[in-house]
Amino acid sequence: MAQPAYEIDEMISAKSIAARIEALAREIKSTFDGTDKLIVVGLLRGSFVFIADLVRELDLPVEVDFLEASSYGDSTESSREVRILKDLRGEIAGRDVLVVEDIVDTGFTLSHVVALLKTRGPKRLETIALLDKPSRREIDIRATWTGFEIPDEFVVGYGIDYAQRNRNLPYIGAVRFTGGAA
């Protein structure tokens with residue numbers, strides 16, 4: 001099935017993202033100062049660019065692991081059914097954990113992942129999201145840290161995709177559907 005035609009309008013510049021990540025890294029370092037190792041758990045696939053930039057800014061001993069959860073598929077709407085497609089490789093029991101999410105929309109994915117990881121006995125579990133859409137929230141959850149609050153628009157770029165496209169954009173852009181097939 002062909003994807004609808006669309007255009008992308010820049011919403012958050014690469015420069016703004018970089019500056020915000022530097023500030024977030026300072027806050028995270030302050031919170032986790034003294035940790036022997038921070039396990040940074042990235043939620044694939046949308047957060048991979050954010051994770052890479054964030055861990056380079058963290059002046060802490062870090063280990064990176066990934067968990068893949070899906071509630072969207074190739075759609076622009078959440079199915080509200082969260083499926084774990086790839087689990088962590090390492091143990092988090094007794095460890096400091098930071099879950100990295102690309103965007104908190106309805107809250108279903110982050111809520112599900114946090115509940116799952118808490119059952120594994122981490123010492124401390126905090127969350128960070130690059131983007132937050134509070135107007136779409138259906139589950140009462142907020143990330144400990146948020147990069148940017150955005151309106152209810154479908155976005156791509158900086159690791160976030162639409163049907164596996166546009167992850168490579170260095171900025172966050174709002175998708176404007178123009179009709180017709182791409």
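Taken together, the values in this text are just the output of simple stated rules run on the coordinates, not laboratory data. Source: prediction; values computed, not measured. Methodologically, a virtual Cβ is constructed for each residue, glycine included, from the backbone with ideal geometry; neighbour enumeration extends over all protein chains shown.
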Fill in: Under 17 Å from K29, Cα to Cα: lysines that are on another chain or at least 8 residues apart
K37, K123
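Pull out the extension gain between R176 and A23, defined as 0.36 nm times the separation in residues minus the alpha carbon to alpha carbon distance; nm, one decimal. Write down the numbers at each step before the final one.
Working: separation 153, 0.36 × 153 = 55.08 nm, distance 3.03 nm.
Going from the current span to full extension adds 52.1 nm.
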Fill in: region 14-70: trypsin sites (Lys or Arg not before Pro) in DSSP loop, at most 13 other beta carbons within 10 Å
K37
Worksheet entry | Residues listed by number, region 1-27, amide nitrogen under 20 Å from F154 label point at 7 Å toward C-beta | 1-12
Worksheet item: In degrees between 0 and 90, to the nearest 10, how far off the longest principal axis of the chain does helix 48-57 point, with axes built from Cα atoms?
Response: 40
Practice prompt. Answer rounded, prolate or oblate for region 14-150, using the Cα gyration tensor with square roots of eigenvalues a ≥ b ≥ c: rounded when a/c is under 1.5, else prolate when a/b is larger than b/c, else oblate.
Written response: oblate
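Hey, fewest Cβ within 10 Å first, where do S13, S47 land in order? Before the final figure, lay out each step's value.
Values: S13 12, S47 26.
Ascending number of Cβ neighbours within 10 Å: S13, S47.
So between K123 and K86, what do we pick up on full extension, going 0.36 nm a residue minus the alpha carbon distance?
Numbers: separation 37, 0.36 × 37 = 13.32 nm, distance 2.25 nm.
Extra length available between K123 and K86 comes to 11.1 nm.
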Response to the item:
Those GluC sites (Glu not before Pro) from region 137-182 that are DSSP loop and have at most 15 other Cβ neighbours within 10 Å turn out to be E138, E153
Discussion item. Suppose every Lys and Arg Cβ carries +1 and every Asp and Glu Cβ carries -1, with no other charges. What dipole size does the chain come out with about its Cα centre, to the nearest 20 debye?
Written reply: 320
Practice prompt. Starting from the amide H of V99, placed 1.01 Å from N in the peptide plane, find each other amide H under 5 Å away whose residue is 5 or more places distant or on another chain.
Written response: V41, E126, T127, I128
Worksheet item: Which cross-chain or sequence-distant (5 or more) residues have an amide H under 5 Å from the amide H of M11, H modelled 1.01 Å from N in plane?
Response: I172, G173, A174
Discussion item. Please list 3J(HN,Hα) in residue order for region 153-163, calculated via the Karplus relation 6.51 cos²θ - 1.76 cosθ + 1.60 where θ = phi - 60°; whole Hz, with x for glycine and proline.
Written reply: 10, 7, 10, 9, x, 6, x, 8, 10, 10, 6
Discussion item. Can you give me the long-range amide H partners of Q3? Hydrogens built in the peptide plane at 1.01 Å from N, cutoff under 5 Å, separation of 5 or more residues or another chain.
Written reply: A182
Discussion item. Checking the cross-link filter: which lysines have an alpha carbon closer than 19 Å to that of K86, excluding same-chain neighbours under 8 positions apart?
Written reply: K118
